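Data block below; observations after.
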C-alpha cells in the first residue's frame, strides 16, 4: 500500500513538472515569435515611405469616416462620412460621456433664410484622442429637435486652432459642414483645451443672425469679433448647459483612465514620433490597446444609441 501511494505521488510530481516545462516552452515560443514580429514591424516602419504608412493607416480606419493625414500627423473627418446620415440630436451629446467622450458642447441656434440653423462646437477627450469639432446643421422639423448636416451649397469657411495648456496642438482650415481634428495618444480635460474659431458665413445677414444666436447663448460683445462675414471667437468655458451625463466625479474617473491608457501608449511607442509609426508598432506590440486607440472621434456606437433618427433622416430628405 505504501509503495502504491509513493508511486502515485511520484506520477503526480512528474505530471506537474511536465506541465510546468510545457508552459515554459510555450511562453518561450510566444516571446520568441512576438520579438520576431516586432523586429519585422520595426524594419517595415524603417523602410516604408510616409505615404505608404499613411495609406496603411487609412485602410485600417476606412470604416470610421475619418482620414489620417501623414503630413500633418492628424486625423479628421471626410466631407461625406457615414456620420452625416445620422444628422444631429441632443441625445448624441448626452450619450458621449458614457461612451468615453468627455467633451464640452456649445450649440448655437439661429434663424436664417426661413430655416432653423444650428452651429455647434465641441472640444475635449475622445477616448484616447484629443480633438475638436465644428458642425453646421439645419433643422428637419419645426421643433428643431433633430438636424441634418448642410449640403455643399451651404458650406461655410471654418477655421480652428486647438490649444492644450497654452500650446497649439493643431490647426484646421477648410470650407466644410463638419470640420474636425484629432490627435491620438494625448490626454487633457476639456477645461485645459481652448479652441480659437473663425467662421466665414455665406453673407453678412447670415453672419448677423449667427451673432444674435451667440448673444442668446450668453456671449457678450467682448467675447467675439465680427469682420465682414467672418466671426472670430474663443471657445473655452461653455456658455450653454452641458450634458446631464457629465459630472465632476464621473469626468475625473474617466479622464484618469484615458490618461493612463495614453501613458501606456506613449511608453510602448516612445521610439517613434509620428502617429502612423506609433500605431503600426502598437498593432504588434499591444493589439488590444491598438484597437482602443483607433476609436477616433465619434464612433458608430454613439449614433446607434438613437437609430430612429437615421430612418427619420431618410424619410425627410425631400423636405
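Any read-out appearing in this document is the output of simple, stated calculations on the displayed coordinates, not a laboratory observation. These figures come from a predicted structure and were not determined experimentally. Neighbour counts are summed over all protein chains in view; Cβ atoms, including those assigned to glycine, are modelled from backbone coordinates with ideal geometry.
Beyond 18 Å, what percent of the Cα pairs of segment 131-189 remain?
Of all Cα-Cα distances in segment 131-189, 47 percent exceed 18 Å.
Hey, any idea what Rg/Rh is for segment 116-237, computing Rh the Kirkwood way over Cα pairs?
Over the Cα atoms of segment 116-237, Rg/Rh equals 0.97.
For segment 81-134, what is the convex hull volume of its Cα atoms per residue in Å³?
Roughly 96 Å³ of hull volume per residue.
With a 10 Å Cβ neighbour count serving as the proxy for reagent exposure, in which order, fewest first, do 296, 45 appear?
45, 296
Would you list the P(r) distribution for segment 203-294, with all Cα-Cα distances sorted into 10 Å bins from 0 and each bin expressed as a whole %?
So the P(r) values, bin by bin, are 13, 26, 17, 24, 19, 1.
Multiplying the sequence separation of residue 291 and residue 263 by 0.36 nm and subtracting their Cα-Cα distance, what value in nm do you get?
8.5 nm
Report the full-extension gain for the segment residue 113 to residue 167: residue separation times 0.36 nm, less the Cα-Cα distance, to one decimal in nm.
15.5 nm is the gain from fully extending residue 113 to residue 167.
How would you rank 74, 136, 234, going from fewest to most other Cβ atoms within 10 Å of each one's own Cβ?
By the 10 Å Cβ count, ascending, the order reads 234, 74, 136.
Among 187, 198, 62, rank each residue by its count of other Cβ atoms within 10 Å, from fewest to most, as a rough exposure measure.
62, 198, 187
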